[in-house]
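Visitor: What follows is a structure written as structure tokens; I'll ask about it next.
The values are calculated or read from the model by the stated rules, or taken from the named source; none is laboratory data. Note that the coordinates shown come from a computational prediction; the quantities given were computed from them, not determined experimentally. FYI the Cβ positions are ideal-geometry reconstructions off the backbone, even for glycines, and counts take in every protein chain you see. All accessible areas refer to the heavy atoms of the entire protein, side chains included, with ligands and DNA or RNA removed. Shrake-Rupley method; radii C 1.70, N 1.55, O 1.52, S 1.80 Å.
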Amino acid sequence: MREFDPEIRDPLDDFEKRKVTLLGKTKTVYVAGSGPAVIVMSEIPGITPYVARFARWVRDAGLTVYMPSLFGRDGEMPGAGQAMLTVARACISREFHAFASNSSSPVTKWLRALAAEAHRECGGKGVGAIGMCFTGNFALSMMLEKAVVAPVLSQPSMPMHNGSGLHISPEDLAKVKKRMETEDLTVRAYRFEGDTFCPAQRFAAYEKALGDRFVGTVLPDSAANPEAPLKTPHSVVTLHLIDEADQPTVTARDEIIEFFRSSLIRDGPESRANAAGG
């Protein structure tokens, strides 16, 4: 993959392209792999080649990726103008409630239904979910679905213009916290120290709400890829990831994938053989 080429296109032809209808709404979902399911929700501007790269890493770790198309042009790395248009459309969409604090995005109901369907298809101990930027908070709301047991919030950026706001209703948050305590679950979260889209106040708000059930990791700004077109350190496992050994972003990626594997794959001789490459 040529880094940050605006002409880059990913055909996504190693994914099965499905039309999935749930709760009366149909969306495109890209599916690949085998093993327990992980829902990979893209950041703005959509399923870029860098989001797809992360999904392939999850797939190659012995998991099944379900990557729903929520906005943007699938497989493209758009220029700044097209990206801003995608942001504008998402912000006014009734599915997302981009500016609402203490409110869950309506689209998370569809995503919870997708997680339930993925668990029925793939088995395992449950389903993982990762949201990024615009979708970052969604993985927490998805825990209202009992199949979701491994949520990851990567640079959660909503609600916009309220750094300490939480993009989940108080009622839903209370249910999620109770479930996490009852089932001994945690939520993992990642951000760069100087990220203005996902500021320190947001992680502080999650820590206050969830206590030690919230495991937040803050990466230094120096760990972000300096060649990324977005100069603000932001996209931990996609645009700003430096794909080299011992890089903090690679360490974060590997932690996330291991969190999924340890939470979802049933322990047994076959699982251990797969983990060892057998």
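Visitor: For residues that are over 17 Å from residue 64 (Cα atoms), modelled with pLDDT under 95 and hydrophobic (A, V, I, L, M, F, W, C), scanning just the range 246-276, find the one that is most open to solvent (accessible area, probe 1.4 Å).
Guide: Checked the range 246-276; the qualifying residue most open to solvent (accessible area, probe 1.4 Å) is 276.
Yes/no matrix, rows are residues, columns are (1) closer than 21 Å to residue 54 by Cβ; (2) in contact with a helix residue (DSSP H, G or I) (Cβ under 7 Å, 6 or more places away or on another chain); (3) at pLDDT below 95; (4) open to solvent by less than 20 Å² (accessible area, probe 1.4 Å):
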position: 123; (1), (2), (3), (4): no, no, no, no
position: 137; (1), (2), (3), (4): yes, no, yes, yes
position: 176; (1), (2), (3), (4): no, yes, no, yes
position: 180; (1), (2), (3), (4): no, yes, no, yes
position: 213; (1), (2), (3), (4): no, yes, no, no
position: 225; (1), (2), (3), (4): yes, no, no, no
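Visitor: Against the definition (within 15 Å of the chain's Cα centre (by Cα), modelled with pLDDT under 90 and part of a loop (DSSP other than H, G, I, E, B)), how does residue 99 come out, yes or no? First the steps, then the outcome.
Guide: Values: within 15 Å of the chain's Cα centre (by Cα): no; modelled with pLDDT under 90: yes; part of a loop (DSSP other than H, G, I, E, B): yes.
When the stated conditions are applied, residue 99 does not pass them.
Visitor: Separate question: With touching a helix residue (DSSP H, G or I) at 6+ places or on another chain (Cβ under 9 Å), surrounded by 17 or more Cβ atoms within 10 Å (Cβ to Cβ) and acidic (Asp, Glu) as the only criterion, which of 243, 195 stands out? Quick ask: steps written out before the conclusion?
Guide: Details: 243 fails: surrounded by 17 or more Cβ atoms within 10 Å (Cβ to Cβ).
Of 243, 195, the one residue that is touching a helix residue (DSSP H, G or I) at 6+ places or on another chain (Cβ under 9 Å), surrounded by 17 or more Cβ atoms within 10 Å (Cβ to Cβ) and acidic (Asp, Glu) is 195.
Visitor: Residues of the range 151-174 being open to solvent by less than 30 Å² (accessible area, probe 1.4 Å) and of a type in the set (Ser, Thr, Tyr), which ones?
Guide: If the condition is that a residue be open to solvent by less than 30 Å² (accessible area, probe 1.4 Å) and of a type in the set (Ser, Thr, Tyr), then 154, 157, 169 are the ones that fit.
Visitor: Sticking with this one: Consider residue 232 against the criteria (1) open to solvent by less than 50 Å² (accessible area, probe 1.4 Å); (2) at pLDDT 95 or above; (3) among the hydroxyl-bearing types (Ser, Thr, Tyr): it satisfies all of them except one. Which criterion is unmet?
Guide: Of (1) open to solvent by less than 50 Å² (accessible area, probe 1.4 Å); (2) at pLDDT 95 or above; (3) among the hydroxyl-bearing types (Ser, Thr, Tyr), only one is false for residue 232: (2).
Visitor: Something else: Answer yes or no as to whether residue 149 is in a strand (DSSP E or B), without any contact (Cβ under 8 Å) to a residue 40 or more places away in the chain and β-branched (Val, Ile, Thr). Show your work before the answer.
Guide: Details: in a strand (DSSP E or B): yes; without any contact (Cβ under 8 Å) to a residue 40 or more places away in the chain: no; β-branched (Val, Ile, Thr): yes.
Answer is no for this residue.
Visitor: Condition first: modelled with pLDDT of 95 or more, open to solvent by 10 Å² or more (accessible area, probe 1.4 Å) and closer than 16 Å to residue 187 by Cβ. Can you find one or more residues in the range 112-119 that meet it? Working first, answer last.
Guide: Here is the first cut: in the range 112-119, the ones modelled with pLDDT of 95 or more are 112-119.
Then drop every residue that is not open to solvent by 10 Å² or more (accessible area, probe 1.4 Å), which leaves 112-113, 116-117, 119.
Then keep just the ones that are closer than 16 Å to residue 187 by Cβ; that gives 112.
Yes; the residues of the range 112-119 include at least one that is modelled with pLDDT of 95 or more, open to solvent by 10 Å² or more (accessible area, probe 1.4 Å) and closer than 16 Å to residue 187 by Cβ.
Visitor: Output the number of the condition that residue 189 fails; it satisfies all remaining conditions of (1) among the small types (Gly, Ala, Ser); (2) open to solvent by 10 Å² or more (accessible area, probe 1.4 Å); (3) part of a strand (DSSP E or B).
Guide: It fails just one condition, (2).
Visitor: Consider residue 237 against the criteria (1) within 17 Å of residue 139 (Cβ to Cβ); (2) open to solvent by 20 Å² or more (accessible area, probe 1.4 Å): it satisfies all of them except one. Which criterion is unmet?
Guide: (2)
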